[in-house]
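Working notes, structure below.
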Amino acid sequence: MKLFVNARYLIVPISSLVTIYGIFAGGIYTWIGVFLFGTYTIIDTLTKNIHLRAEKDQNGDSFGIKEFQYVVMYFMLPVFILLQIVLAWRLFQFTSGVIIEPSVLSGINFQSGITLTNLVGATLSTALWAGLGIIYGHELSHNKKEGFFVSRLIMALSGASHFTYAHVYNHHLDLGHEDDPATAPRGRNVYTHTWLSHAGQSKFSYDLEQEKLANQGKSIFSFDNKWIVGYLYSLPSVFLFIWSGGALGLLALISVWSVSNFLLEALNFMGHYGLIRSPEKPVEHRHSWDNDNVFTSWFFIEIGRQGDHHVRGETYFWELDDVGAPNYGIGYFSLFVLTLIPSLFRRFVRTLLDDWDKNHATEQEVAIANKFKELGIRS
Amino acid sequence: MLNFFRKNKEQVAEINTDTEPVILTVEKGKTLLNAALRSGIGWPHKCKVGSCGTCKCLILSGQIKPQIDFSYVLSPKDIADGYVLACQSELKSDIKVDVKLIKKLGDKK
């Protein structure tokens, strides 16, 4: 049981390595990251009704092995760096006009050179799996030792190093309130939310540093400014892509960052859409949506157990459990597809929000929900 | 010799020594707040991730190991006076600490 509980969280690490190999192998294999993402969407939908509780031994302790899980999470930093390097190498081959032909490197067959179509596949594969790196950036943001720094570096690979501070000091504190840019209010679609949440969290992180440095009597133009330093961490990616592909390389990096940040904000969007918290009330289970079908739980290292996570923010992911939080009833992959069509998502979530208003919300929270309804926004 | 072994495994926090003292054992790697809550001590808290400041307490003696930079939540004066966030503090030595508890182990309410 112990081996199984720990090994089941390896879906993303293994899939990321397969994606890297696919881009290296070239040809049609550059699309393998996209293919895996699509396949997992189908598996997630097929397993939507299977929900498991967190397994514990006779003493009530989790089967999770902290040392193993942390090694895996730290290992993902070089994996995501390698993902960018292999895409940059393909960009270099394309812009250099390398002839498309079979080649061998250290006994490994690959196709040298790349077509524009397969370069698009490589870029999309990289973007999707770089975006999934956020699940490690998120988990490690709650580790205040060296893990916090690794989280910053992982997020910097997507140009979003500000997330680590904003998530802890803003999202966890102001969840469900208008002061939290990562909470999507009723009526907003995922596309608008991506821009507003990203910009809002970055602004929060800037303001946080400005206040801290003012208290310390330091200039905001300082290496003590974590907002600035965070963006500096992203510069190696910028240099790598411009060096390898010029303007096309920059376009590819912008594409990778756009998709990966869209996935990040889609997770924020789904995690708390339309839920409301009176500012004077503490964060409770009812202020998050759970997505805990079996595939989502294992793939997203339990990030879908948002209800428990936001009340016990210090808890390792493998210890999180079903706490009776509001539940979408489907996994993140399936729900993500719905969010791409805003009208469909709002229809899906309407009955869930009506139920939340009736059975979970306080009087003050219902009053706020009613203000949305007066504006014609039911979901 | 015994003290040598104990030192690596756990430290002791004496809470509110001037009024109603409570003795708390804090295991290595656990935070002051977590140890207090596990022992049924009503330590004020809210977010448990170091962002709200509700678990703020005053270290009177001894040393803690901060897990984060407290300057995002505590003022420079608070930090200079010895205030820390219990949810982000491990113990480096036995300590004496002041905090306004909500309730104590054994209290009826």
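The values are calculated or read from the model by the stated rules, or taken from the named source; none is laboratory data. Nothing here was measured: the structure is a model prediction, and the numbers come from that model. Cβ sites come from the backbone with ideal geometry, for glycine too, and all protein chains shown count toward neighbours.
Please tell me if A:ALA166 is assigned to a helix (DSSP H, G or I), within 13 Å of chain B (Cβ to nearest Cβ) and closer than 21 Å to A:GLY133 by Cβ. For A:ALA166, the condition - assigned to a helix (DSSP H, G or I), within 13 Å of chain B (Cβ to nearest Cβ) and closer than 21 Å to A:GLY133 by Cβ - is met. Taking the numbered list (1) part of a helix (DSSP H, G or I); (2) in contact with an Asp or Glu (Cβ under 7 Å, 6 or more places away or on another chain) in turn, A:ARG53 passes all entries but (1).
Inspection of region B:63-72 identifies at least one residue that is closer than 27 Å to A:SER141 by Cα and more than 14 Å from chain A (Cβ to nearest Cβ). In the set A:GLY329, A:GLY304, A:GLY274, A:GLY246, only one residue is surrounded by fewer than 18 Cβ atoms within 10 Å (Cβ to Cβ), touching a residue at least 24 places away in the same chain (Cβ under 8 Å) and more than 30 Å from A:VAL120 (Cα to Cα); that residue is A:GLY329. Checked against (1) in contact with a Phe, Trp or Tyr (Cβ under 9 Å, 6 or more places away or on another chain); (2) modelled with pLDDT of 95 or more, A:ARG378 passes all but condition (2). The strands (runs of 3 or more DSSP E) falling completely within region B:1-84 that include 3 or more residues that are over 24 Å from A:GLY147 (Cα atoms) map to B:10-15, B:22-27, B:56-61. If you go through region A:266-295, how many residues are in a helix (DSSP H, G or I) and of a type outside the set (Phe, Trp, Tyr)? Result for region A:266-295: 10.
Mind checking which pairs have a first residue in region A:101-124 that is among the charged types (D, E, K, R) and a second that is not in a helix (DSSP H, G or I), Cβ under 9 Å, 6 or more apart or different chains? Within 9 Å, the pairs are A:GLU101/A:GLN111; A:GLU101/A:SER112; A:GLU101/A:GLY113. Filtering region B:89-105 for residues that are touching a Ser or Thr at 6+ places or on another chain (Cβ under 7 Å), surrounded by fewer than 16 Cβ atoms within 10 Å (Cβ to Cβ) and modelled with pLDDT under 90 leaves a non-empty set. If you take the residues in region A:179-195 that are in a helix (DSSP H, G or I) and touching an Asp or Glu at 6+ places or on another chain (Cβ under 9 Å), which one is surrounded by the most Cβ atoms within 10 Å (Cβ to Cβ)? Within region A:179-195, the match that is surrounded by the most Cβ atoms within 10 Å (Cβ to Cβ) is A:HIS193. Scanning region A:204-215 turns up no residue that is buried (at least 18 other Cβ atoms within 10 Å of the Cβ) and either among the β-branched types (Val, Ile, Thr) or assigned to a loop (DSSP other than H, G, I, E, B) (or both). Look at region A:342-358: where a residue is without any contact (Cβ under 8 Å) to a residue 60 or more places away in the chain and a partner is part of a helix (DSSP H, G or I), sitting 6+ places away or on another chain with Cβ atoms under 7 Å, you get A:LEU344/A:LEU338; A:PHE348/A:LEU338; A:ASP357/A:VAL366; A:ASP357/A:ALA369.
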